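The values are calculated or read from the model by the stated rules, or taken from the named source; none is laboratory data. In this text the structure is predicted, and so the values were computed from the model without any measurement. Neighbour counts run over all protein chains shown; Cβ positions are idealised from the backbone, glycine included.
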Amino acid sequence: MAGLIRTGTLIAALALAVASDTMAGAVNPEHCTVPRQISLMGASGLCVPDPFGKVVFILRGASDTPCAGCWVTIDFRACTDVTVGPGPGMTCPSKLLGMTDGLGRVEFTLPGFGNGLGPPRAANLCATVLLAGHPVPMSVSTFDRSGSNGVDAADLALWIDDFVNHPQAGRSDFDGDGQVGAADLTQWISVFVNGESVSSSGPCASSCP
């Protein structure tokens, strides 16, 4: 019986490996649609992440055929100046997993917050995104820099500090162009005025009331 169990486990592992290889072969990153960067958001009073931060991935093959049922994985471990909050597909503390639909599409809206006056991370492209196994580095920003009271004046002050002292800090670069500038300030103002980031997220392992 033990031998049968070991054989069954081996067959399952081989099947998973074959499936992963098949999906990787079905995807060509040059034909995929990916965001320039990922923004972690505050939340509304109902503990729903601000939809302003929605990012969409569309996986395709070399002939632009959608890859349905393919996995997108995002690893945030190297993003030391931000903290990802709880949500569907999250494996705490720092990994996100989602499967594409029939059109090869999967979307995420992620809560999270920054490290306040702490130092910016060493590398802007801190997140490792796997498109059915194909790695794509990506930057991660957050509008809620302080991690308290949602997106407010304190976060604006922290953004200004990056603008002056850390002009290439990915945590404050909301448009993903590699610079902290006027376009990023415009996005920050939009998030503040829209009023859907009035609360701060907890860390990944926390739960909403």
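So here's what we get for this one:
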{"read-out": "Residue selected from the range 39-85 under the condition within 14 Å of the chain's Cα centre (by Cα), more than 14 Å from THR109 (Cα to Cα) and acidic (Asp, Glu), by the criterion surrounded by the fewest Cβ atoms within 10 Å (Cβ to Cβ)", "value": "ASP75"}
{"read-out": "Residues of the range 172-209 that turn out to be hydrophobic (A, V, I, L, M, F, W, C), part of a loop (DSSP other than H, G, I, E, B) and closer than 23 Å to PRO119 by Cβ, as a count", "value": "3"}
{"read-out": "Of all residues making up the range 86-111, the number that are buried (at least 19 other Cβ atoms within 10 Å of the Cβ) and at positive phi", "value": "1"}
{"read-out": "Residues that are buried (at least 16 other Cβ atoms within 10 Å of the Cβ) and either polar (S, T, N, Q) or over 13 Å from the mean Cα position of the chain (by Cα) (or both), drawn from the range 112-121", "value": "GLY114, ASN115, PRO120, ARG121"}
{"read-out": "ARG105 vs. criteria within 30 Å of GLU30 (Cβ to Cβ), out of contact with any Gly (no Cβ under 9 Å at 6 or more places or on another chain), of a type outside the set (Val, Ile, Thr) and at pLDDT 95 or above", "value": "yes"}
{"read-out": "From the options SER199, SER190, residue that is polar (S, T, N, Q) and loosely packed, with under 15 Cβ neighbours inside 10 Å", "value": "SER190"}
{"read-out": "Enumeration of residues in the range 122-157 that are surrounded by fewer than 24 Cβ atoms within 10 Å (Cβ to Cβ) and either on the phi > 0 side of the Ramachandran plot or touching a Leu at 6+ places or on another chain (Cβ under 7 Å) (or both)", "value": "GLY133, PRO137, MET138, SER146, GLY147, ASN149"}
{"read-out": "Those strands (runs of 3 or more DSSP E) lying entirely in the range 50-139 with at least 1 residues aromatic (Phe, Trp, Tyr)", "value": "55-58, 71-75, 105-108, 112-114"}
{"read-out": "Single match in THR65, THR83, THR73 (criterion: on the phi < 0 side of the Ramachandran plot, modelled with pLDDT of 95 or more and touching a helix residue (DSSP H, G or I) at 6+ places or on another chain (Cβ under 8 Å))", "value": "THR65"}
{"read-out": "Where THR128 falls short, out of the listed (1) touching an Asp or Glu at 6+ places or on another chain (Cβ under 6 Å); (2) at pLDDT below 95", "value": "(2)"}
{"read-out": "Cβ-Cβ under 6 Å pairs, at least 6 apart or on other chains, the range 116-130 side free of Cβ contacts under 8 Å to residues at least 60 places away in the same chain and more than 15 Å from TRP159 (Cβ to Cβ), far side surrounded by fewer than 20 Cβ atoms within 10 Å (Cβ to Cβ) and among the hydroxyl-bearing types (Ser, Thr, Tyr)", "value": "ARG121/THR80; LEU130/THR73"}
